[in-house]
Amino acid sequence: MQLPETLQEAIEEWIAHTPLKQVQRARESVSAFYREGADSHAVFQDPMRLASYLLTRLPATYGVARNVFSELRARVPGLVVSRLLDLGAGPGSAAWAAVDVFSELRALTLIERERPAIEIGRRLAARGPSVLLHAEWRCESLNSAGELPEADVAVLSYVFGEMGEAEKVSCLDRMEKSPIRGIVVIEPGTPEGYRRILQVRDWGLAKGFLLAAPCPHSLQCPMSSENWCHFAARIERSRLHRLAKDGVLGYEDEKFSYMILLRGEIPVVPCRARVVGRPHKGSGHVQLPLCKSDGGYEIRSIGKSRKEEYRAARGADWGSALV
Ligand SMILES: C[S@@+](CC[C@H](N)C(=O)[O-])C[C@H]1O[C@@H](n2cnc3c(N)ncnc32)[C@H](O)[C@@H]1O
């Protein structure tokens with residue numbers, strides 16, 4: 001997964017006059033902030049940390065959002081996403097990903113409370129396609145009680161980790177009261193992130209939403225805090241990204257957990273099972289960790305003799321839906 005060329009260029013242009021050594025130092029403090037559960041305020045208020053965020057975090061959250069939106073498109077091909085709401089948008093990473101996946105997108109509203117994130121988001125968007133260029137940015141807290149703008153889909157990408165319990169529920173309740181059809185929540189692929197996704201899942205089921213992905217059923221989740229539900233998106237690193245991270249590899253795997261809730265009369269492509277871990281592909285057999293539509297979890301070994309199933313298993317990846 002690579003950033004769109006225009007976005008990569010816009011970031012590099014913005015960073016051109018920033019000393020890389022300082023960005024490298026800032027990266028360590030950005031990682032520490034997020035590791036310790038601090039919110040983004042300290043990151044977006046400091047130009048070096050912001051630069052580090054753009055170089056090293058934005059590609060990851062963009063890549064993950066693109067992966068999740070592609071899954072929404074695959075599972076619910078009939079859902080027309082012409083208006084999208086990016087809540088806790090930061091510099092707009094998820095909105096860029098949405099533009100790539102939903103070619104029908106005509107209106108974007110981004111709500112974010114940190115003004116510097118909006119300023120840089122606007123500058124990056126100025127290089128993007130028309131829907132991004134004309135996006136509406138609102139400097140607001142998600143805790144305020146007003147009505148949300150109308151949208152087909154709302155996304156909260158890496159936001160719930162920065163909110164208290166009551167704030168999260170009130171934010172979800174606001175979405176329920178608006179005519180939004182799909183809610184996409186993305187969290188880090190850690191046990192904590194998974195726990196927050198389970199809360200969203202429980203909330204969604206209680207409010208009558210359908211689980212469009214990743215769950216193949218709405219029974220109790222068979223995963224646990226030792227073997228939690230998460231996935232990985234492979235992100236290609238740009239030259240500057242590698243330098244900022246002192247990284248040797250040309251890519252990194254960003255782990256994430258997610259939930260897509262849906263309501264209304266709209267068909268969802270059924271899924272027999274979801275691959276919830278890295279497949280092991282040996283010679284003549286494949287092992288797939290599966291969350292199944294009957295509510296169970298199983299590591300299934302599929303040999304060459306089961307031709308059809310074997311072919312599907314060889315093509316499957318971590319995160320694939322088996323239909
Ligand atoms: C880790 S960043 C993620 C940014 C972006 N969604 C992404 O995926 O790259 C979390 C964002 O949520 C915003 N945020 C957190 N709580 C918020 C709130 N109550 N109201 C508005 N924005 C909030 C932060 O300011 C920050 O920009």
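The values are calculated or read from the model by the stated rules, or taken from the named source; none is laboratory data. Quantities reported herein were computed from a predicted structural model and do not represent experimental measurements. Neighbour counts are summed over all protein chains in view; Cβ atoms, including those assigned to glycine, are modelled from backbone coordinates with ideal geometry. For the accessible areas, the whole protein counts, side chains as well, though only heavy atoms, and no ligand, DNA or RNA atoms are used. Shrake-Rupley method; radii C 1.70, N 1.55, O 1.52, S 1.80 Å.
Residue by residue, here is whether (1) out of contact with any helix residue (DSSP H, G or I) (no Cβ under 8 Å at 6 or more places or on another chain); (2) aliphatic (A, V, I, L, M) holds:
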residue: Trp14; (1), (2): no, no
residue: Pro19; (1), (2): yes, no
residue: Glu28; (1), (2): yes, no
residue: Ala32; (1), (2): yes, yes
residue: Val43; (1), (2): no, yes
residue: Asp46; (1), (2): no, no
residue: Ser70; (1), (2): no, no
residue: Arg75; (1), (2): yes, no
Check your understanding: Is it true that Ala16 is at pLDDT below 80, loosely packed, with under 14 Cβ neighbours inside 10 Å and away from the ligand (no atom under 13 Å from the Cβ)?
Key -> no
Exercise for review: Output yes when any residue across the range 57-74 is farther than 17 Å from Ile235 by Cα, in contact (Cβ under 8 Å) with a residue 12 or more places away in the chain, over 16 Å from the mean Cα position of the chain (by Cα) and more than 9 Å from the ligand (Cβ to nearest atom), and no when none is.
Suggested key: no
Review point. Going by the structure shown, is Arg278 part of a loop (DSSP other than H, G, I, E, B), open to solvent by 20 Å² or more (accessible area, probe 1.4 Å) and either on the phi > 0 side of the Ramachandran plot or in contact with a Phe, Trp or Tyr (Cβ under 6 Å, 6 or more places away or on another chain) (or both)?
Key: yes
**Study point:** Odd one out for Glu176, checked against (1) touching a strand residue (DSSP E or B) at 6+ places or on another chain (Cβ under 7 Å); (2) more than 30 Å from Pro4 (Cα to Cα)
**Key:** (1)
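Yes or no, residue by residue, for (1) at pLDDT below 95; (2) within 20 Å of the chain's Cα centre (by Cα):
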position	(1), (2)
Gly92	no, yes
Ala97	no, yes
Phe102	no, yes
Ile118	no, yes
Leu133	no, no
Leu142	yes, yes
Tyr158	no, yes
Glu162	yes, yes
Check your understanding: Among the residues of the range 59-76, is any among the hydrophobic types (A, V, I, L, M, F, W, C), at pLDDT below 95 and part of a helix (DSSP H, G or I)?
Key -> yes
Revision key, fill the gap. Matching residues in the range 139-160 (out of contact with any helix residue (DSSP H, G or I) (no Cβ under 6 Å at 6 or more places or on another chain), surrounded by fewer than 17 Cβ atoms within 10 Å (Cβ to Cβ) and not acidic (Asp, Glu)) number 5
